[in-house]
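One structure below.
Derivation of every value follows stated rules applied to the coordinates shown; laboratory data play no part. If you're wondering where the values come from, they're calculated on a predicted model, not measured in any experiment. So basically every Cβ, Gly included, is an ideal-geometry build from the backbone, and we count neighbours across all protein chains shown.
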Amino acid sequence: MADLFDVAAGALERRTGLGSLEARGTLRIALKAGGVAARGLSEPQLRAVLEKLMPHELEVRGLRDAEAICAAVIEDAQSEWADVASRRASDPDEIFRRMLDD
Amino acid sequence: MESNAWLFQILSALVYATVGVRLLRMALRGRELPEGLLGSYFVLTGISYAAYQLPVILVVDTWYTPLAFAGRVIYDAGMLPFLLFLRLVFHRGDRWAGWLAAASGLLLAAGLLGGAAGGDYEGVSLDSTWFWLEWTGYTLPFAWLAWAAFSEHRQALRRVRIGLTRPLLANRYLLWAIFGAVQVAASVALIPMYADYARHGVYSAWSDALLGGLENLSLGMLWLVFFTPALYRRWIEGDPSARAEAH
């Protein structure tokens, strides 16, 4: 079953014209810089990485209008990932945040 | 246990039990498995510490070995939910983590049962292979916690920079990593302590002091995690208005 990483990498590939391998690799680099794991990626995590880190990664690769591309990728990923709201974050942050807020 | 060291052990038991009950209540309220597993670990550890100290407090020497064995069984049983917590929270879906948790659990069971079958009910015989199996079984999970929580702390610092994680949450991982590292140090400190006991029949004052110091450091970490003082919270979070501007 495809996860949000696959969906976002597919959208990035379509919106940039990068090859599949390069799109996935670029997304992985941006996620790593943001301290986020590809497995179990959540929508808020993807949005933060695409908004704050990905534009730089795309500019480094010579792509113009990086911020617009990222906004489009977020939109594509959200529409393809329709059940995202029903998915509950189960990453360590979510678990330790519950203990923090108690 | 010499002098008034039992007082610190009872204090530890109370803190562990309090933290455990709090986590279990959270688990029941939200039907959350991770809190339930961690809460079970802390409650069982608290009961175990109390079992070890009961004969010392009541000054009934004949109870020492049976209650020490009961404390040992309860402590080892508490490590099982703790291992499941590590597997579930830090390595969900990683097959190797499942094997590591199972191996650690098997080491505990083998060490406990083998040691008891050989007549070592207190689990302090350094010349027994069973002791070392059990020692590895209860030390490994804390080394795992220290490593996993420190790795997560480093990742969380990156998430803080893009507004995904609160600084206080990133700091929590560091506190858990220190708690794990201190527990490993306490396990290592048991070795000269037991060696001393084998030679002289009593625990030396210095080994009691060392273990007590490490235990207090552990309690300090739990205090910061579960009863975070406002001053500490402000120090870690910094000025909220400045952070809002940065994001």
Fewest-first sequence of B:62, B:165, B:18, A:26 by Cβ atoms within 10 Å of each Cβ: B:62, B:18, A:26, B:165
Modelled label reach - residue B:110, point 7 Å along Cα→Cβ, the stretch B:131-149 residues with backbone N closer than 15 Å: B:131-140
Per-peptide average of other Cβ atoms within 10 Å, ordering B:70-79, B:227-236 highest first: B:70-79, B:227-236
Given charges at Cβ of Lys, Arg, Asp, Glu: chain B dipole, positive-most of B:119, B:167, B:10: B:167
Burial order of peptide ranges B:23-34, B:169-180, B:193-204 (average beta-carbon count within 10 Å, highest first): B:169-180, B:23-34, B:193-204
Per-peptide average of other Cβ atoms within 10 Å, ordering B:147-153, A:18-24 highest first: B:147-153, A:18-24
Cα gyration tensor category, rounded, prolate or oblate, for the stretch B:41-133 with a/c compared to 1.5: oblate
Acute angle (nearest 10 degrees) that the helix B:167-200 long axis makes with the longest principal axis of chain B, alpha-carbon atoms: 10 degrees
Estimated FRET transfer efficiency (residue B:205, residue B:31; beta-carbon r; R0 51 Å; 0.05): 0.60
Whole-angstrom Cα spans of the protein assembly as shown along principal axes, big to small: 79, 42, 36
Computed E for residue B:127/residue B:102 - FRET, C-beta separation, R0 35 angstrom, nearest 0.05: 0.80
Local electrostatic count, residue B:126, Cβ distance below 13 Å [Lys/Arg +1, Asp/Glu -1]: -4
Rg and Dmax [Cα atoms of the stretch B:15-87; Å; Rg one decimal, Dmax integer]: 13.8, 44
Given charges at Cβ of Lys, Arg, Asp, Glu: chain A dipole, positive-most of A:5, A:44, A:21: A:21
Per-residue average of Cβ from other chains inside 10 Å of B:84-91: 2
Per-residue average of Cβ from other chains inside 10 Å of B:152-162: 5
FRET efficiency for residue A:79 and residue A:39, using Cβ-Cβ distance with R0 set to 22 Å, rounded to 0.05: 0.50
Separation of the residue B:57 and residue A:20 label points, Cα + 7 Å toward Cβ, nm: 6.5 nm
Rg over Rh, two decimals, chain A (C-alpha only, Kirkwood Rh): 0.99
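Starting with the fewest neighbours, write out A:98, A:64 ranked by other beta-carbon atoms found within 10 Å of each beta-carbon.
A:64, A:98
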Relative contact order [Cα under 8 Å, 6+ residues apart], the stretch B:5-246, whole percent: 15 percent
P(r) tail fraction, the stretch B:5-246 - alpha-carbon pairs more than 34 Å apart, %: 19 percent
